[in-house]
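Working notes for the structure below.
The values are calculated or read from the model by the stated rules, or taken from the named source; none is laboratory data. All values reported here derive from a predicted model rather than from experimental measurement. Glycine also receives a Cβ, built like all others from the backbone with ideal geometry; neighbour counts cover every protein chain displayed. Heads up: the accessible areas ignore ligands, DNA and RNA and are worked out on the full protein's heavy atoms, side chains in. Shrake-Rupley method; radii C 1.70, N 1.55, O 1.52, S 1.80 Å.
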Amino acid sequence: GVPHVFATQAMADVVAGPSRDLDAAKEAYAKGDVEASKLAHAARAPEKHSKVGGHLKSIVYGGLDGIITTFAVVAGAAGGDLAIEVVLILGISSVFADALSMGVGDALSTKAANQYALEERAREMWEMENNPEGEIQEMIEIFEEKGLSKEDATTAILAMSKNKEFFVDLMMAFELELEVPSEDDNPYFDGLVTFCSFVCFGFVPLLGYVVLYSIDLGDDKATVLFIIACCLTGLMLFVLGALKTMFTIQKWYAGGLEILFFGAMTAAVAYLIGLLVEEITGFSEGNDCRRM
């Protein structure tokens, strides 16, 4: 469960990480090879975890929101029969405005969560220093609720309570179910990652419009550009989903198809709404913003 994940992280902050061949261990798990897993753990190779995975959520959600938000503008404009210039103006302004909003929101929410966790940790440390018996008893009861006998829970907790820093982090994980942010955790960097991801992926649906804007593609230029936008968007949705699987146990093609499916569903809704609004209002008829 989640508390166990946090407890593992807490322990890793206090003691050196285990030595094993992590890549071989992952490969053994994927194949279900128990013997290979044992060999990987016996290899005594220093285990290194990718820090990129820590920003995976910002990359994936920032990129996905960027693609869908921008393509929604493109799709809505296509459904509403608007001019290419309108698509570019709305699309580019939307990319940077929404990216800034997403980045700032990510930074501020992460900062608030980190501050709350650190305040709670300070309180738990104060309680541990002033009432260690009470805190130890609380943890014994929690471990009993997890299924340990009173004797085993007492033995384990008394041993771990000898390291005060580790024990407080353990209380944060099991008692409060909060993760203590690491010293190098920077919420503003997380926000920057979200911003950059949003802009990079969000600009993809507009590439065709920007590159081919001055090229004569005939009377169906707007349709051709929209088809190009659909293709580029679908490709990048698949790529984004595939990249996500680098830090998960999901197959790359499954992750790509998953993101592609849900992204396409969202984009289709945007297109249909644009088409519906145009039909109801008749906005493009005789309007200077219609396709050119």
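Take the residues in segment 7-33 that are over 30 Å from I142 (Cβ atoms) and open to solvent by 90 Å² or more (accessible area, probe 1.4 Å); name whichever of them is modelled with the lowest pLDDT.
Ranking the qualifying residues of segment 7-33, first place goes to D23.
Of all residues in segment 34-48 being open to solvent by less than 60 Å² (accessible area, probe 1.4 Å) and in a helix (DSSP H, G or I), which is modelled with the lowest pLDDT?
By that ranking, first place goes to A40.
Being part of a helix (DSSP H, G or I) and in contact with a Ser or Thr (Cβ under 9 Å, 6 or more places away or on another chain) is the filter here; which residues of segment 241-269 pass it?
M246, F247, W252, Y253, A254, G255, G256, G263, A264, A267
State yes or no: is L100 within 22 Å of the chain's Cα centre (by Cα), surrounded by 14 or more Cβ atoms within 10 Å (Cβ to Cβ) and under 30 Å from M265 (Cα atoms)?
Against the criterion (within 22 Å of the chain's Cα centre (by Cα), surrounded by 14 or more Cβ atoms within 10 Å (Cβ to Cβ) and under 30 Å from M265 (Cα atoms)), L100 qualifies.
In this structure, is G191 open to solvent by less than 20 Å² (accessible area, probe 1.4 Å), more than 17 Å from I92 (Cα to Cα) and touching a residue at least 60 places away in the same chain (Cβ under 8 Å)?
yes
Would you point out the residue of segment 225-263, among those that are β-branched (V, I, T), open to solvent by 50 Å² or more (accessible area, probe 1.4 Å) and free of Cβ contacts under 8 Å to residues at least 12 places away in the same chain, that is nearest to L64 (Cα to Cα)?
In this case the residue turns out to be T248.
Within segment 216-236, does at least one residue satisfy the condition of being more than 21 Å from D98 (Cβ to Cβ) and aromatic (F, W, Y)?
no
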